[in-house]
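Single-structure report; data block below.
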Amino acid sequence: MQKSPSFTPRRELGRTGFKASQLGIGDIADRGVPLEQCVATLRRAMDAGLNVIDTAPAYEDGFSEQIVGAALQGRRAGMFLIDKVDHLDQPVALQVEQSLIRLDLPDVDAFVFHAVPDRAAWRSLAAKGGGFDQLEECRRRGQCRFRGLSSHQPDVLRLAIESGLCDLVLFSIGPHCDRQYIDEILPLARAKGVGTVCFKTFGAGKLLGDTAGYGRPLPEPNHDKPASGGTSAASGLPRLTVEQCLHYTLSCDPDVALLGLSFPEEQDAAFAAAANFRQLSAQQLTYLRAKAALAVVGKGPCWWNPA
């Protein structure tokens, strides 16, 4: 096994008091891979010093939670575990209890409401007796310490951060992500002491290769155009490298860059890129945004950007 760089905690995750590593471990779940192999892959990232893990019931229908729980057995100390409440219109307590059963753990560090879609959903969660009140009861029972949400809508994130109800928020920052996330949401979260855990560095894979997202085939594959350096063989469009994508996200400086690290080779590429990180200039950031805009052409919707 290739020796991985050793990451150390970098700074506190908002007001949680937890000192987080620069990279976080995203969804590791593939039902085509044995549980023990997935656990070993996750622990490999932990061995490299990554100390933030994100999971959700929706990831492979609970398999991700099983993997995470197994990987944390005997290794819970010093790790920050984020889990999700997937069903925003259903009672929270039962969802929390079911997640803890799948994890086989007594608690997590943070439960966050998953992919809050609009301001109406936010208002329902924030209302008296709504999701945040219910999650507060779970916190009082010791099932979590912090609350938050993830969203693909800057308007929702802005309301959530300003409300004081969220200890952390999860949102997109990468070469093909709406600029509101960087220009407005990230500074606001910093000012309010809300932790930022950011995903979509690789645009669900669209920036690195020919996929409609997460390995799905392109809507209308085109195999007629020849490949050339730095372009896609199938589409003839530019591709970004792992290093370009990760350096973009790290240059924006969220508390944690949450990456999908499902296989050792993915981990090695991300770790090497992080080890070689140099802050990008404004001109370099602009160049990568332009290249990313071309790289996603014909690859379906980028659902993490507001319409």
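Pairs meeting the criteria (first residue in the stretch 47-69 and over 19 Å from Asp107 (Cβ atoms), second residue crowded, with 19+ Cβ neighbours inside 10 Å and aromatic (Phe, Trp, Tyr), beta carbons under 7 Å, at least 6 apart or on different chains) are Ala48/Phe271.
Residues checked against (1) in contact (Cβ under 8 Å) with a residue 40 or more places away in the chain; (2) part of a helix (DSSP H, G or I); (3) farther than 16 Å from Ala110 by Cα:
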residue	(1), (2), (3)
Asp133	no, yes, no
Cys138	yes, yes, no
Leu157	no, yes, yes
Ala189	yes, yes, yes
Thr211	yes, no, yes
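Considering only residues that are polar (S, T, N, Q) and not in a helix (DSSP H, G or I), which ones fall in the stretch 265-290?
Correct list: Asn276, Gln279, Ser281.
For the stretch 200-220, the set of residues classified as hydrophobic (A, V, I, L, M, F, W, C) and either modelled with pLDDT of 90 or more or under 19 Å from the mean Cα position of the chain (by Cα) (or both) consists of Phe202, Ala204, Leu207, Leu208, Ala212, listed by residue number.
In the stretch 108-131, the residue that is surrounded by the most Cβ atoms within 10 Å (Cβ to Cβ) out of those that are assigned to a loop (DSSP other than H, G, I, E, B) and of a type outside the set (Gly, Ala, Ser) is Val108. When residues in the stretch 267-298 are screened for being within 14 Å of Gly174 (Cβ to Cβ) and charged (D, E, K, R), 2 of them pass. All of Gln90, Gln95, Gln22, Gln73 fail the test of being surrounded by 14 or more Cβ atoms within 10 Å (Cβ to Cβ) and either over 23 Å from Cys198 (Cα atoms) or in contact with a Cys (Cβ under 6 Å, 6 or more places away or on another chain) (or both), apart from Gln95. Only residues that are closer than 15 Å to Gly205 by Cα, out of contact with any Lys or Arg (no Cβ under 7 Å at 6 or more places or on another chain) and buried (at least 20 other Cβ atoms within 10 Å of the Cβ) were counted across the stretch 263-287, and they come to 1. Do we find that Arg75 is outside any loop (DSSP other than H, G, I, E, B) and either modelled with pLDDT under 95 or over 22 Å from Ala204 (Cα atoms) (or both) in this structure? Answer is no for this residue. Among the candidates His176, His247, His223, the residue that is farther than 21 Å from Pro306 by Cα and either modelled with pLDDT of 95 or more or part of a strand (DSSP E or B) (or both) is uniquely His247.
Is it fair to say Glu36 is in contact with a Pro (Cβ under 9 Å, 6 or more places away or on another chain) and among the acidic types (Asp, Glu)? Here the answer is no, as Glu36 does not meet what is asked.
The values are calculated or read from the model by the stated rules, or taken from the named source; none is laboratory data. Predicted model, so just to flag it, every value in this text is computed and none were measured. Because the Cβ atoms are built from the backbone with ideal geometry, glycine has one as well, and the counts that use them run over all protein chains shown.
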